[in-house]
Structure formats: structure tokens, C-alpha cells
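All remarks here apply to the structure that follows.
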Amino acid sequence: MKSLKNLAFLLVLILFAGIKPAVADTIGYTDYKKIESNYAYAQKTYKEIDDKILGLQQYLINKDKEYKAIESPLSKKNFEEKTEKEYKAKEDAVLKLKLEKEEEIFKNIQAASKIVAAQKNVDVVVDYRIILTGGIDLTDDIINYLNNNKVSGKK
């Protein structure tokens with residue numbers, strides 16, 4: 001009877017030894033904002049978008065000067081309507097471009113994160129703000145990868 005209990009106990013140990021616990025995954029973490037602010041393509045892209053936004057502001061300044069030169073109230077009203085439509089179209093185009101570029105940058109960072117995680121044998125990558133202790137910081141490795149390799153996260 002005692003040997004049967006020992007055999008059952010040994011069998012249970014063997015079964016549990018073969019099961020990989022969920023907490024055994026290697027966890028990595030990143031600081032997305034740091035990656036984004038040090039990613040050369042993102043810096044260049046955001047600068048181009050800022051330049052377009054400044055262009056919109058300059059457009060309004062120029063139109064304001066034109067508006068002040070108009071004397072007829074009817075002409076002023078027509079000018080306002082026309083300028084408002086033009087500005088709205090330009091603003092929509094800039095906002096659309098901004099959203100597309102932000103999505104592209106996010107996909108590039110996500111793709112680089114997957115590659116770096118695989119290289120470092122990391123199973124899970126999370127935002128650094130949810131890690132209290134432990135884990136592997138992949139932030140600098142991802143920044144290095146993004147700036148030194150062509151990454152395409154496009155659709």
C-alpha cells in the first residue's frame with residue numbers, strides 16, 4: 001500500500017514537472033514615449049507635420065491681410081466663405097496625414113518590438129508603467145533597431 005502511494009506521488013510530481021507554468025514567460029517592457037521621441041523617422045515625420053500646421057497658421061495670417069484690404073461687405077462675406085472652405089480642406093488633409101503617420105510609426109515600433117523580443121527570447125512585452133519589479137527593459141534595444149534597420153509596419 002505504501003509503495004502504491006509513493007508511486008502515485010511520483011506520478012503526480014512527473015506530471016507537474018512537465019507543465020510549464022504561465023508565470024515562467026519572460027517579460028520585457030518598453031517606454032513607448034521614449035522610443036517614439038528617439039526614433040529618427042518619427043522625429044522627422046512629426047517635424048514635417050508641425051511644418052504643415054505652421055503653414056496653416058501662415059495661410060490664415062495671409063488671408064487676414066487680404067480680408068482687411070477688401071472694402072465691400074458682400075466681397076468680404078464671399079471671401080470669408082471661400083477662405084473657410086479652403087482652410088477646412090487644408091486642415092482635414094493635415095489631420096488625415098497626421099493620423100496615417102502616427103499609425104505607421106506605431107506599427108513600425110510594434111514590429112520592431114516583436115523582432116527585438118524574439119532576439120532576446122522575451123515572450124511578452126508590456127508598457128513599463130505596469131511593471132513594479134523585474135522584467136527586461138527592451139526600450140534602448142528597440143530604439144537602436146528602429147534607427148539602424150528598415151522597419152515597415154505598413155498595412
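Go through the residues of region 123-135 one by one and say whether even a single one is under 24 Å from the mean Cα position of the chain (by Cα), surrounded by fewer than 14 Cβ atoms within 10 Å (Cβ to Cβ) and assigned to a helix (DSSP H, G or I). Scanning region 123-135 turns up at least one residue that is under 24 Å from the mean Cα position of the chain (by Cα), surrounded by fewer than 14 Cβ atoms within 10 Å (Cβ to Cβ) and assigned to a helix (DSSP H, G or I).
Quick grid of which residues meet (1) on the phi < 0 side of the Ramachandran plot; (2) among the hydroxyl-bearing types (Ser, Thr, Tyr); (3) touching a Gly at 6+ places or on another chain (Cβ under 9 Å):
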residue: ILE27; (1), (2), (3): yes, no, yes
residue: ILE49; (1), (2), (3): yes, no, no
residue: GLN57; (1), (2), (3): yes, no, no
residue: LYS68; (1), (2), (3): yes, no, no
residue: SER72; (1), (2), (3): yes, yes, no
residue: LEU97; (1), (2), (3): yes, no, no
residue: PHE106; (1), (2), (3): yes, no, yes
residue: ILE109; (1), (2), (3): yes, no, yes
residue: VAL125; (1), (2), (3): yes, no, yes
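Restricting region 37-65 to residues that are modelled with pLDDT of 95 or more and of a type in the set (Asp, Glu) leaves a set whose member that is farthest from the chain's Cα centre (by Cα) is ASP51.
For region 70-83, state whether one or more residues are over 30 Å from VAL122 (Cβ atoms), in a helix (DSSP H, G or I), of a type in the set (A, V, I, L, M, F, W, C) and at pLDDT 90 or above.
Let us first name the residues in region 70-83 that are over 30 Å from VAL122 (Cβ atoms), namely 70-83.
This time we only want the ones that are in a helix (DSSP H, G or I), so: 73-83.
Still in the list and also of a type in the set (A, V, I, L, M, F, W, C): 74, 79.
Keeping just the survivors that are at pLDDT 90 or above gives 74, 79.
Checking region 70-83: at least one residue is over 30 Å from VAL122 (Cβ atoms), in a helix (DSSP H, G or I), of a type in the set (A, V, I, L, M, F, W, C) and at pLDDT 90 or above.
Are any of the residues in region 84-92 surrounded by fewer than 14 Cβ atoms within 10 Å (Cβ to Cβ) and not charged (D, E, K, R)? Scanning region 84-92 turns up at least one residue that is surrounded by fewer than 14 Cβ atoms within 10 Å (Cβ to Cβ) and not charged (D, E, K, R). Screening SER72 with (1) small (Gly, Ala, Ser); (2) closer than 21 Å to LEU56 by Cβ; (3) over 21 Å from the mean Cα position of the chain (by Cα) gives one miss only, at (2).
The values are calculated or read from the model by the stated rules, or taken from the named source; none is laboratory data. Quick caveat: nothing in here was measured; it's all calculated off a predicted structure. Using ideal geometry, Cβ is built from the backbone for each residue, glycine included, and neighbour counts are taken over all protein chains shown.
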